[in-house]
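No lab work stands behind these numbers, since they all come straight from the coordinates. A quick note: this is a predicted structure, and the numbers were derived from the prediction, not measured. All Cβ positions, glycine included, derive from the backbone under ideal geometry; neighbour counts span all protein chains shown.
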Amino acid sequence: MHQISLGHLVQHVSPDWLHLLTDMERTKHVVLRNGVENVNEKDVMEIMEAVIAEFGKETLHH
């Protein structure tokens with residue numbers, strides 16, 4: 001198991017996507033079962049979607 005911030009994970013796997021995350025989302029820690037080496041873009045996309053959805057629940061829309 002490996003713990004890493006989402007920002008570092010995205011920077012490592014798909015740095016072009018980093019601008020899609022807020023500062024709070026970038027600092028969210030995620031746990032990777034098989035380490036960073038085995039994570040691909042599809043995995044990162046799914047993790048990003050989950051974190052964005054989690055933080056989106058706290059956002060109030062008018």
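Okay, here's what the table says:
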{"quantity": "Reported label for calculated Kirkwood radius over Cα pairs in Å given (1) 14.2; (2) 12.3; (3) 11.9", "calculated": "(3)"}
{"quantity": "Potential lengthening between ILE52 and GLN11 on full extension [0.36 nm per residue; Cα-Cα distance subtracted]", "calculated": "13.1 nm"}
{"quantity": "Rel. contact order, % - alpha carbon contacts under 8 angstrom, at least six apart, the chain", "calculated": "41"}
{"quantity": "Burial ordering of HIS29, HIS19, HIS2, fewest other beta-carbon atoms within 10 Å first", "calculated": "HIS19, HIS29, HIS2"}
